[in-house]
Amino acid sequence: MPNLVLLHGALGHSEIFTPYLDSLSSYFTIHTPLFSGHGSNDLPADGITIEKYTQELTEYCTENNLTDVHILGHSMGGYVALCYAVKHPENINSIMTLGTKFDWTEEQALKESKMLNPDVILEKIPKYAQTLEKQHGSKWKQLLPAIADLMIALGKNPPLKNNLATINIPVQIMVGDQDNMVTIDESTAVYRELPNANLAVLPDTKHPLDKVRPNLLLNLMRDFWNLS
């Protein structure tokens with residue numbers, strides 16, 4: 001069976017894909033790697049960057065002999081998937097991204113990163129703090145500033161800038177119409193820049209994957225990958 005790699009977003013976890021595994025395992029061998037700093041994986045001493053996560057995906061595919069890969073990436077996972085496609089086009093068949101932010105500027109990154117303050121999250125959104133602790137353990141407080149640094153680095157030097165036109169594989173860019181992190185405009189701009197892309201706007205859909213209706217996303221996957 002072909003290989004499907006499911007990539008979680010920043011501060012996410014591979015367990016968010018659980019509702020999809022039964023349906024997809026009829027068609028694919030499924031891989032759900034965890035990026036460093038997430039789940040039980042240690043946070044690297046020298047921090048994390050999109051480039052580092054792209055390298056982690058490269059190593060995962062090499063170690064598991066994956067040369068015939070389809071990828072679904074949520075949020076940052078979609079960005080990493082496209083960076084991987086730039087570097088290793090020969091290994092990859094197609095990509096679906098959902099809720100991936102492409103329009104990174106320094107100003108935007110600083111604004112986003114300020115929201116990743118552990119003390120503020122504990123005070124203002126204690127339920128989210130509990131989720132982060134459950135998924136990532138006590139290091140969630142160190143993971144937040146590390147992700148903030150990743151965003152600022154992304155704003156200064158977005159690795160996909162001027163590289164999208166080199167990605168010739170089929171790509172489907174997806175965004176929820178209620179996503180408060182990613183605009184339909186930035187998703188449309190990337191869709192237009194990619195040579196072989198589709199665009200899907202999901203109705204009544206917010207950014208977090210656990211707020212996406214599984215049947216809606218599964219139907220889009222079935223259509224894109226011609227799963228009968």
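The values are calculated or read from the model by the stated rules, or taken from the named source; none is laboratory data. The model shown is predicted, which means the values in this text are computed figures rather than measured ones. Positions of Cβ are backbone-derived with ideal geometry, glycine not excepted, and every protein chain shown enters the neighbour counts. Ligands, DNA and RNA are stripped out before the accessible areas are found, and what is left, the full protein with its side chains, is counted by its heavy atoms. Shrake-Rupley method; radii C 1.70, N 1.55, O 1.52, S 1.80 Å.
Some points to look at:
- Matching option when the condition is over 25 Å from L6 (Cα atoms) and not small (G, A, S), among E90, E133, E112, E123: E123
- Among the residues of segment 130-139, at least one is in contact with a Pro (Cβ under 9 Å, 6 or more places away or on another chain) and not acidic (D, E).
- Segment 208-218: number of residues that are part of a loop (DSSP other than H, G, I, E, B) and open to solvent by 40 Å² or more (accessible area, probe 1.4 Å): 2
- Filtered by the rule that a residue be assigned to a helix (DSSP H, G or I), open to solvent by 70 Å² or more (accessible area, probe 1.4 Å) and either in contact (Cβ under 8 Å) with a residue 24 or more places away in the chain or within 17 Å of Q108 (Cα to Cα) (or both), segment 148-197 gives D149, K156, T166, D185, E193.
- Residue within segment 100-118 that is at pLDDT 95 or above and of a type in the set (G, A, S) present: no
- In summary, strands (runs of 3 or more DSSP E) completely within segment 1-119 and bearing 2 or more residues that are without any contact (Cβ under 8 Å) to a residue 60 or more places away in the chain and open to solvent by less than 50 Å² (accessible area, probe 1.4 Å) occur at 29-31.
- Checking T205 against (1) open to solvent by less than 10 Å² (accessible area, probe 1.4 Å); (2) in contact with a Ser or Thr (Cβ under 8 Å, 6 or more places away or on another chain); (3) assigned to a loop (DSSP other than H, G, I, E, B), the condition it does not meet: (2)
- When restricted to residues that are of a type in the set (K, R) and open to solvent by less than 10 Å² (accessible area, probe 1.4 Å), segment 125-147 contains 0.
- For segment 55-93, taking the residues that are more than 22 Å from Q135 (Cβ to Cβ) and hydroxyl-bearing (S, T, Y), the one that is modelled with the lowest pLDDT is identified as T67.
- For first residues located in segment 199-228 and touching a residue at least 12 places away in the same chain (Cβ under 8 Å) and closer than 19 Å to G9 by Cβ, partners that are open to solvent by less than 60 Å² (accessible area, probe 1.4 Å) and acidic (D, E) and lie 6+ apart or on another chain with Cβ distances below 6 Å form the pairs H207/D179.
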